[in-house]
Amino acid sequence: MTFRSYLAFLGVLLVLPLTAISASLERFSEFINQTLTARGEFEQKIFDRNRRLLQESRGVLAFSRPGKFRWTYVKPYAQLIVGDGSRVWIYDEDLKQVTVRKLDQALGSTPAALLAGNNEAMRAFNLSDQGAKGGLEWLEALPRDKEGNFERIRMGFGSSGLEVMELLDGFGQTTVLRFVSLKRNPKLDPGLFRFSPPKGADVIGDVK
């Protein structure tokens with residue numbers, strides 16, 4: 001799934017009347033329409049097709065819609081992902097390497113972009129309400145474009161808003177994100193969404 005197709009997903013929700021949509025669709029539509037900025041912490045786990053844990057990490061995040069975000073992994077290794085509205089900068093501290101890509105080409109596999117998209121009204125997803133489970137209201141989105149990075153996205157909403165995201169890719173791996181203390185609409189320093197490559201770092205990708 002490309003970044004544009006996820007924007008399509010957001011747009012679908014905006015053209016549906018709230019009286020006609022399910023509880024989970026309504027919760028997500030409310031989240032998108034009423035959350036312009038956010039800040040919090042996350043825990044991320046990646047499982048193989050047999051639900052065996054492959055990787056576990058955690059960090060902090062901030063976003064300002066549309067297209068600006070800062071996603072910082074602090075454990076087990078340091079990595080920084082910054083979206084400045086036009087490009088995405090990925091800095092691997094251990095490798096001293098910066099990868100740059102244009103925003104609309106970079107982020108099908110980066111959860112940060114899924115939270116920071118804008119509201120273009122395009123119909124590219126089959127949406128379904130998955131009901132309540134584990135104290136959350138679940139929404140599932142299946143992309144009509146079968147050539148994307150994700151086969152399925154699930155989002156779980158609780159009393160505090162969006163609490164969990166599950167992303168199934170074409171290799172059968174599932175990425176599970178849990179958000180902790182996600183504060184909606186805080187005032188954020190614009191400098192959070194600017195990035196300058198550190199001196200001595202190798203820079204590759206769409207710099208111009």
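Pairing residues of segment 190-204 that are over 14 Å from Leu61 (Cα atoms) with residues that are surrounded by fewer than 11 Cβ atoms within 10 Å (Cβ to Cβ) and aliphatic (A, V, I, L, M), at Cβ distances under 7 Å and at least 6 apart in sequence or on separate chains, gives no pairs at all.
Within segment 169-179, the set of residues being part of a strand (DSSP E or B) and modelled with pLDDT of 90 or more comprises Thr174, Thr175, Val176, Leu177, Arg178, Phe179.
Within segment 124-137, the only residue that satisfies the criterion of being open to solvent by 70 Å² or more (accessible area, probe 1.4 Å) and modelled with pLDDT under 75 is Asn126.
Of all residues in segment 186-207, those being over 16 Å from Leu80 (Cα atoms) and of a type in the set (Val, Ile, Thr) number 1. Please find, among Asp206, Asp189, the residue that is more than 23 Å from Gln44 (Cα to Cα) and modelled with pLDDT of 90 or more. After ruling out the rest, the residue left standing is Asp189. Just for segment 24-41: of the residues that are in contact with a strand residue (DSSP E or B) (Cβ under 8 Å, 6 or more places away or on another chain) and over 22 Å from Ala132 (Cα atoms), which one is surrounded by the fewest Cβ atoms within 10 Å (Cβ to Cβ)? Looking at residues that are in contact with a strand residue (DSSP E or B) (Cβ under 8 Å, 6 or more places away or on another chain) and over 22 Å from Ala132 (Cα atoms), I get Gln34.
Within segment 84-102, the residues that satisfy the criterion of being at pLDDT below 90 and either among the small types (Gly, Ala, Ser) or closer than 18 Å to Arg39 by Cβ (or both) are Gly85, Ser86. Considering segment 61-92, and only residues there that are of a type in the set (D, E, K, R) and free of Cβ contacts under 8 Å to residues at least 40 places away in the same chain, the residue that is surrounded by the most Cβ atoms within 10 Å (Cβ to Cβ) turns out to be Asp92. Among the residues of segment 138-189, the ones that are on the phi < 0 side of the Ramachandran plot, out of contact with any strand residue (DSSP E or B) (no Cβ under 8 Å at 6 or more places or on another chain) and surrounded by fewer than 15 Cβ atoms within 10 Å (Cβ to Cβ) come to 6 in all. In segment 93-103, of all residues being open to solvent by less than 60 Å² (accessible area, probe 1.4 Å) and assigned to a strand (DSSP E or B), the one that is nearest to Arg65 (Cα to Cα) corresponds to Val100.
Only residues that are open to solvent by less than 10 Å² (accessible area, probe 1.4 Å) and among the charged types (D, E, K, R) were counted in segment 42-60, giving 0.
The values are calculated or read from the model by the stated rules, or taken from the named source; none is laboratory data. For clarity, every value in this text was computed on a predicted model and none was experimentally measured. Here the Cβ is made from the backbone with ideal geometry for all residues, glycine too, and neighbour counts use every protein chain on show. Just the protein is used for accessible areas: all its heavy atoms, side chains included, with ligands, DNA and RNA removed. Shrake-Rupley method; radii C 1.70, N 1.55, O 1.52, S 1.80 Å.
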